[in-house]
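The values are calculated or read from the model by the stated rules, or taken from the named source; none is laboratory data. A quick note: this is a predicted structure, and the numbers were derived from the prediction, not measured. Note: ideal-geometry Cβ built from the backbone for every residue, glycine included; neighbour counts use all protein chains shown. In case anyone asks, the SASA skips ligands and DNA or RNA and just uses the protein heavy atoms, side chains included. Shrake-Rupley method; radii C 1.70, N 1.55, O 1.52, S 1.80 Å.
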Amino acid sequence: MRSEDNIWTTDPATLRDVVLDTEAMQSRLEDCPALERVWILSLLGRTEEAIEEGQAYLAGATSRFRPLLVLAQSYQRQYQWHEAARLQEEALRLAHTSAREALVRHQIGRRLFDEARYKEAAAELEWAHDLYRTIGRTRLAQVSLQSLERAREVAGTLRS
């Protein structure tokens, strides 16, 4: 999956977001919303800074859903699986809609893939795909399906 302005993409092999244009990504830091700043810092490898800013943002947030997911991604990039999972589970409890639940399940699937728990990742990604498909979010369903297929592929390779 490529971003609209082609400065980042999701690597189909690792399911991780990667920066394609570091200079353009860094220039966005100057005038972006605080939550996007946390995400960008994380993508740029400045995860400690991202976590610090993300925690401060979350502490003052009136709506915790998106900040929880963005902060969880920062923890995930530092391989702090337990903390990322804790935040994702809280986000899941706050989802309240199929679209939000699908988003959280997709993120959980990507974390599990990152942890090399490929069968569990496939189960979460399948759930996300089904939710997206059911509510008519075709593009997001396709993204989840591609991630699901990759998780199944890697899980199958490990059994051989």
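Among the residues of the stretch 126-147, what is the count of those that are free of Cβ contacts under 8 Å to residues at least 24 places away in the same chain and assigned to a loop (DSSP other than H, G, I, E, B)?
Residues in the stretch 126-147 being free of Cβ contacts under 8 Å to residues at least 24 places away in the same chain and assigned to a loop (DSSP other than H, G, I, E, B): 1 in total.
Could you tell me how many of the residues in the stretch 31-50 are β-branched (Val, Ile, Thr) and under 14 Å from the mean Cα position of the chain (by Cα)? So that I can check it myself, show each step before the final result.
Within the stretch 31-50, the subset β-branched (Val, Ile, Thr) is 38, 40, 47.
Narrowing further to those that are under 14 Å from the mean Cα position of the chain (by Cα): 38, 40.
Within the stretch 31-50, residues that are β-branched (Val, Ile, Thr) and under 14 Å from the mean Cα position of the chain (by Cα) number 2.
Ala151 versus (1) within 24 Å of Leu35 (Cα to Cα); (2) crowded, with 19+ Cβ neighbours inside 10 Å: which is the lone unmet condition?
(1)
If you scan the stretch 100-147, which residues turn out to be hydroxyl-bearing (Ser, Thr, Tyr) and either within 20 Å of Ala13 (Cα to Cα) or surrounded by 24 or more Cβ atoms within 10 Å (Cβ to Cβ) (or both)?
The answer is Tyr118, Tyr132, Ser144, Ser147.
Could you list all residues from the stretch 11-45 that are of a type outside the set (Gly, Ala, Ser) and touching a Lys or Arg at 6+ places or on another chain (Cβ under 7 Å)?
Pro12, Leu15, Leu29, Leu35, Ile40
Does Thr97 satisfy the criteria of being within 30 Å of Glu153 (Cβ to Cβ) and polar (S, T, N, Q)?
Judged against the criteria, Thr97 is not a match.
Look at the stretch 78-113 and say how many of its residues are charged (D, E, K, R), under 21 Å from Glu53 (Cβ atoms) and more than 10 Å from the chain's Cα centre (by Cα).
3
Output yes when any residue across the stretch 3-10 is assigned to a loop (DSSP other than H, G, I, E, B) and open to solvent by less than 30 Å² (accessible area, probe 1.4 Å), and no when none is.
Our first condition is that a residue be assigned to a loop (DSSP other than H, G, I, E, B); within the stretch 3-10, this holds for 3-7.
Among the residues that remain, those that are also open to solvent by less than 30 Å² (accessible area, probe 1.4 Å) are: 3, 7.
Yes, that holds for at least one residue.
How many residues are assigned to a helix (DSSP H, G or I), touching a helix residue (DSSP H, G or I) at 6+ places or on another chain (Cβ under 9 Å) and over 28 Å from Ala116 (Cβ atoms) when one looks only at the stretch 11-43?
6
Mind listing just one residue for me: the one in the stretch 44-94 that is in contact with a strand residue (DSSP E or B) (Cβ under 9 Å, 6 or more places away or on another chain) and assigned to a loop (DSSP other than H, G, I, E, B) and, of those, least open to solvent (accessible area, probe 1.4 Å)?
Leu44
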